[in-house]
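Chemist: Quick one: this structure, given as structure tokens, is what I'll be asking you about.
The values are calculated or read from the model by the stated rules, or taken from the named source; none is laboratory data. Small disclaimer: the values here were computed from a predicted structure and weren't measured. Reconstructed Cβ throughout: ideal geometry from the backbone, glycine too, with neighbour counts over all protein chains shown. All accessible areas refer to the heavy atoms of the entire protein, side chains included, with ligands and DNA or RNA removed. Shrake-Rupley method; radii C 1.70, N 1.55, O 1.52, S 1.80 Å.
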Amino acid sequence: MAQPGRPPAAVGHSGQNGAGEQRYTNGPVQNSLVHSSQMSDGQGYSSAVPGLYSHQVPAKVPLQPSSGQYNFGGSQNVSPLSNQRSGQTINRPSMGHTSVVPLQHASSGPQMLPPSQNSAAVPSSSSSFVPGAHNAALSNWQYDQTPMSQPTGSQTHHFAHIAGTASTHPSLSLSGSTNPPTSHQYTVSPGGPPLQNSYMKPGSVPAPVNRPLASVFPPARSPPGPPPVGGPTLVRPSAPPVGPPPTSSVPHPPLNSASNHEAGDVTATASDGSLVQNSYDAIEGGGFMATTFPSPAPQNLNLGRSIGYSYPTLPPAYQSASSPGAPGMQSSPLQYPAGSQSFPQPALGGNHLTASMGRLSLQPEGLRPINLLQERNILPVTPLQAPVPNLHEEIQKLNCNPELFRCTLTNIPQTQALLNKAKLPLGLLLHPFKDLSQLPVVTSSTIVRCRSCRTYINPFVSFLDQRRWKCNLCYRVNDVPEEFMYNPVTRVYGEPHKRPEVQNATIEFMAPSEYMLRPPQPPVYLFVFDVSHNAIETGYLNTVCKTLLDNLDLLPGNTRTKIGFITFDSTIHFYSLQEGLSQPQMLIVSDIEDVFIPMPENLLVNLNENKELIQDLLRTLPQMFTKSLETQSALGPALQAAFKLMSPTGGRISVFQTQLPSLGVGALKSREEPNQRAAAKDIHLTPSTDFYKKLALDCSGQQVAVDLFLLSGQYSDLASLGCISRYSAGSVYYYQSYHHQHNPVQVEKLQKELKRYVTRKIGFEAVMRIRCTKGLSIHTFHGNFFVRSTDLLSLPNVNPDAGYAVQMSVEESLTDMPVVSFQSALLYTSSKGERRIRVHTMCLPVVTTLSDVYLGADVQAITGLLANMAVDRSVSASLSDARDALVNAVIDSLSAYRSLVLSIQQPGLMAPYSLRLFPLHVLALLKQKAFQTGTNIRLDERIFTMCQVKNQPLIYLMLMTHPNLYRVDNLTDEGALNINDRTIPQPPILQLSVEKLSRDGAYLMDAGSVMFMWVGKNCGQNFISQVLGVPSYASIPQNMTHLPELETAESIRTIAFISWLREQRPFFPILYIIRDEGPLKSSFLQNMIEDRTESALSYYEFLLHIQQQVNK
């Protein structure tokens, strides 16, 4: 909050985002932020024990069902998730039952109470899809507006919960849930706050009310939980007092509760009688129309307003600070001119936009009809760029980067009926935490947000005058706070429209204390290693431990960073790293039926204070189990132990597994039958147990994410294991047939990807909400997360390599709206202990004609959204249904274009220029490992590809779907890029057909996670010797995976080009150099999308099939 005499504007740079950040503050008032382990007492946090987070905020357990907890849908009984008090050993039998050995194996069998489990049942539901307008087309995605009605106990991806009966009709709707039953579905509790901002049909659930937030949390109090309003405060482990929290203060919120924080509209009473928010849902601001104050009637709803030159969006905090002079604020000592002044704002409003819209017809290229059967060379020779929205240039230059925020339609249809006619999906694709080279960071005591819908002020609001701004999402008129009148960049008062918040569609805020439910957690990393005989045979432990040793100092964090290790086979091994020990101690718990944590205070230790012991452990771990003959794997109990160890603080669990779990809870049995791989209806894409999903939900509730590294040559049931990462906002890594000797290329891949994984930026205890202009509705999310309180995504960890997608519909007509806006707000804790908010805002025009809708189609975004939907369809229905639905998406859209847009019917297969690549991209999806038929795809490999579809940002997903092919034996510097004194050749992209190959050349295929360099039989000797470094074609080794670094111009160009491609992605693609007759040639040709394969049509045959269906 404001402090007298403290200037608000300090401009600096921070390294949180990997590159320089532009730091701004808010004028003459500087808020106090936590930048170190010792938090200011003025913020209400105890700093007596800065190193022990668990002492600062004790854990707690809900004592009664909490509305919205885990979003299971019905009533729930939530048992205590941990029996551990902060800083104490769990109450267990004497330590004589636990073996303590200086790194040598021993065993014991302690008797203990069974671990608590979430007792809520997870009933499965039938495939619930929205009944479409054309129910006869069973495999077709329909484009209707009404979200699917859902039974109370069902698990779906919906956010608007509407009482009703689940449809068992198999038609797939773009506005319906496409989620698998049981473990593969997200569910919404009917008790949580309803989806707002038109996220829910009117009248289904009453709208919640968001109230002001207190900004001080007193120390040494157990945090308030999310019980129903008026219920008792939840405290662990002792019984809570009855009644609301004391009115004099707001206690610390619970540690165990992202689920609780976001479950409902939970409030406490402040000393002044006002109601105080104590949930993430409240802090972030709730959904649309969550009014805090009586809202005056919106003015000028015809939107004759100026758009542009306004404030960029601010962090996802809750209540904005009051203006100076308001209660709780102290006036700035600086003297500012009094009174409201005229505000000359450039007229970038509706009239300019309308004129801009009118010029759509003057852009014939996007609508130029193309006969796909005749025009075969339609693939651009450079990477396809996102279409530019048809906005006034002054607005468009402020718009969000499409790499961060992208819509399937850059021209938004005015009505759902118009969207239905187009037969195209409406949705968003996000990459919200992407590494950025430039990121404006604002430190501000005043976060300016709409008082009705809680939208952050952004470049697309309009100013009525110098003192008032109109929200671009709900159109409420808001006051401009006094502090916001000062521009920290120009150091001028009275220029709010020039502030950095208003000039940047992507911006990050240092959140003040009112955005915290508890002190920011420390970075905590727990590594869980499979050390069974099978795991040791692969040799992965050597690679992992060496990589961790080399990068220990690069782990994101600060002086509070903690780290711990667990290993397991048929027993679970903990490692005490207590300060003062000469070497780490192994503690073995052999009773996997009743796991407990021995010596919990010494298992997660401060990285800086115990670095030598940690390094000793990493050096000795690979040799400790070399003689082990233990073949069993107790993964489930090991994960339970890891969860109990991490739950007091939250953090990241990295688990490495090499086989099918065989012991204890979560044990699995093989379900793969190789001779049935081609039977699309018989493959097992659904989890065989709900154990991993339930544990993931428990982890999410305690702000713990689980990342799974699967290194296996055998079937390991990734469909079941992957749930532990999917629902806890983790990631899945899969190294098929990993072996340090038999498959050495995988070793390098693991090294490179693990280095990126452990050193990349990370955000903890995050939540994300997406808002959109009134009239639009968000109804389905895709990605790795869990949905809490209807539309709030719980992300215990957020990483810069994760992407998300959402489906939308037009719920109310967008009449008289020239533009609509979308805004994502990500509230997270940085590895430095700073609470931050990253906001992205995008503005798009509204159109009224079908031709304009097609003109604005973003074919890559459409393909990405359809791929996400097809994964859900594969799991909930069948692979063949998903394939049919993908094909029908092309047929429907081109049929609509032919019948409703084309004025002159022409022979052939006609498509608008904007959709010219749509059939090609869908054919590429059908040939991708996730959706292709045939017997050569292992089940785990198929599931992993589906995981990538759901979690990859669009740019990487498209590369995996439709690889890029280049000729590289004739690289030149013509048109090359110059980056950091390097010259990067830019060869043209070729069509994926053997017609484009010549035996006289060499070709590089970039398929995202793998690269192939095919060398023709008659390739020039110059390339073979100057690049491959071998005397002749016959001398090229069969298993060549590296190019030698030669001092030749050809070698330098080729290596520079390949290195540049690799640097642009977070994973490491292996390069296979293959001869014309080599064994890997089949893999290379499998990616030739335009050619016929054993199980799929060629591109031309596919076009003929589409034409036949369109002309019916």
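Chemist: Restricting to region 893-933, count the residues that are farther than 19 Å from Leu373 by Cβ and out of contact with any helix residue (DSSP H, G or I) (no Cβ under 8 Å at 6 or more places or on another chain).
Modeler: Here the count works out to 1.
Chemist: Also, I was wondering about something else. Among the residues of region 396-434, which ones are in a loop (DSSP other than H, G, I, E, B), open to solvent by 40 Å² or more (accessible area, probe 1.4 Å) and farther than 23 Å from Ser895 by Cβ?
Modeler: Selection gives Lys397, Asn401, Pro402, Glu403, Lys434.
Chemist: (1) out of contact with any strand residue (DSSP E or B) (no Cβ under 6 Å at 6 or more places or on another chain); (2) on the phi < 0 side of the Ramachandran plot; (3) open to solvent by less than 10 Å² (accessible area, probe 1.4 Å); (4) in contact (Cβ under 8 Å) with a residue 60 or more places away in the chain: which one isn't true of Ile891, the others all being true?
Modeler: The single condition Ile891 does not satisfy is (3).
Chemist: Output the qualifying pairs, or none if there are none: Cβ atoms under 7 angstrom, residues six or more apart or on different chains, first residue in region 810-828 and under 11 Å from Leu776 (Cβ atoms) and open to solvent by less than 10 Å² (accessible area, probe 1.4 Å), second residue basic (Lys, Arg) and at pLDDT 95 or above.
Modeler: Note: no pairs meet the criteria.
Chemist: Determine whether Glu1090 is open to solvent by 40 Å² or more (accessible area, probe 1.4 Å) and part of a loop (DSSP other than H, G, I, E, B). Show your work before the answer.
Modeler: Details: open to solvent by 40 Å² or more (accessible area, probe 1.4 Å): no; part of a loop (DSSP other than H, G, I, E, B): yes.
Answer is no for this residue.
Chemist: Among the listed residues Val655, Val665, Val704, identify the single one that is open to solvent by 20 Å² or more (accessible area, probe 1.4 Å) and of a type outside the set (D, E, K, R).
Modeler: Values: Val655 fails: open to solvent by 20 Å² or more (accessible area, probe 1.4 Å); Val704 fails: open to solvent by 20 Å² or more (accessible area, probe 1.4 Å).
Answer to the check: Val665.
Chemist: Could you grab me the full set of residues in region 761-790 that are of a type in the set (A, V, I, L, M) and either open to solvent by 10 Å² or more (accessible area, probe 1.4 Å) or assigned to a loop (DSSP other than H, G, I, E, B) (or both)?
Modeler: First, pick out the residues of region 761-790 that are of a type in the set (A, V, I, L, M): 762, 766-768, 770, 776, 778, 787.
Answer for region 761-790, where residues must be of a type in the set (A, V, I, L, M) and either open to solvent by 10 Å² or more (accessible area, probe 1.4 Å) or assigned to a loop (DSSP other than H, G, I, E, B) (or both): just Ile762.
Chemist: So, one more: Does any residue in region 1048-1067 that is closer than 13 Å to Gln986 by Cα come within less than 7 Å, Cβ to Cβ, of a residue that is part of a loop (DSSP other than H, G, I, E, B) and open to solvent by 50 Å² or more (accessible area, probe 1.4 Å) six or more places away or on a different chain, and which pairs are these?
Modeler: Ile1055/Glu1045
Chemist: Report every pair of residues separated by at least 6 positions or lying on different chains whose Cβ atoms are under 6 Å apart, first residue within region 783-798 and without any contact (Cβ under 8 Å) to a residue 24 or more places away in the chain, second open to solvent by less than 10 Å² (accessible area, probe 1.4 Å).
Modeler: Nothing qualifies.
Chemist: Which numbered condition in (1) farther than 23 Å from Leu554 by Cβ; (2) within 26 Å of the chain's Cα centre (by Cα); (3) surrounded by fewer than 23 Cβ atoms within 10 Å (Cβ to Cβ); (4) not small (Gly, Ala, Ser) is the only one that Val758 fails?
Modeler: With (1) farther than 23 Å from Leu554 by Cβ; (2) within 26 Å of the chain's Cα centre (by Cα); (3) surrounded by fewer than 23 Cβ atoms within 10 Å (Cβ to Cβ); (4) not small (Gly, Ala, Ser) applied to Val758, the lone miss is (1).
Chemist: Does Ile778 satisfy the condition of being within 22 Å of Tyr515 (Cβ to Cβ) and of a type in the set (A, V, I, L, M)?
Modeler: Working: within 22 Å of Tyr515 (Cβ to Cβ): no; of a type in the set (A, V, I, L, M): yes.
Considered against the rule, which asks whether it is within 22 Å of Tyr515 (Cβ to Cβ) and of a type in the set (A, V, I, L, M), Ile778 comes out as no.
Chemist: Considering only region 1001-1021, state which residues are open to solvent by 10 Å² or more (accessible area, probe 1.4 Å) and without any contact (Cβ under 8 Å) to a residue 40 or more places away in the chain.
Modeler: Answer for region 1001-1021, where residues must be open to solvent by 10 Å² or more (accessible area, probe 1.4 Å) and without any contact (Cβ under 8 Å) to a residue 40 or more places away in the chain: Asn1018, Gln1021.
Chemist: Applying the selection to region 371-395, what residues are in contact with a strand residue (DSSP E or B) (Cβ under 9 Å, 6 or more places away or on another chain) and surrounded by 15 or more Cβ atoms within 10 Å (Cβ to Cβ)?
Modeler: To start, the set of residues in region 371-395 that are in contact with a strand residue (DSSP E or B) (Cβ under 9 Å, 6 or more places away or on another chain) comprises 371-372, 378-379, 381, 383, 386-387, 389-391, 395.
Answer for region 371-395, where residues must be in contact with a strand residue (DSSP E or B) (Cβ under 9 Å, 6 or more places away or on another chain) and surrounded by 15 or more Cβ atoms within 10 Å (Cβ to Cβ): Leu372, Leu379, Ala386, Pro387, Pro389, Asn390, Leu391, Ile395.
Chemist: Let me ask you something else. So how many residues does region 571-583 have that are touching a residue at least 60 places away in the same chain (Cβ under 8 Å) and touching a Gly at 6+ places or on another chain (Cβ under 9 Å)?
Modeler: Final tally of qualifying residues: 1.
Chemist: Here is a follow-up. Can you run down the residue pairs with Cβ atoms below 6 Å, 6 or more apart or on separate chains, where the first is in region 484-512 and open to solvent by 10 Å² or more (accessible area, probe 1.4 Å) and among the hydroxyl-bearing types (Ser, Thr, Tyr) and the partner is at pLDDT 85 or above and part of a helix (DSSP H, G or I)?
Modeler: Pairs that qualify, where the first residue is open to solvent by 10 Å² or more (accessible area, probe 1.4 Å) and among the hydroxyl-bearing types (Ser, Thr, Tyr) and the partner is at pLDDT 85 or above and part of a helix (DSSP H, G or I), are Tyr493/Met485.
Residue by residue, here is whether (1) open to solvent by less than 10 Å² (accessible area, probe 1.4 Å); (2) closer than 30 Å to Cys723 by Cβ holds:
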{"residue": "Arg898", "(1), (2)": "no, no"}
{"residue": "Leu915", "(1), (2)": "yes, no"}
{"residue": "Pro963", "(1), (2)": "yes, yes"}
{"residue": "Tyr966", "(1), (2)": "no, no"}
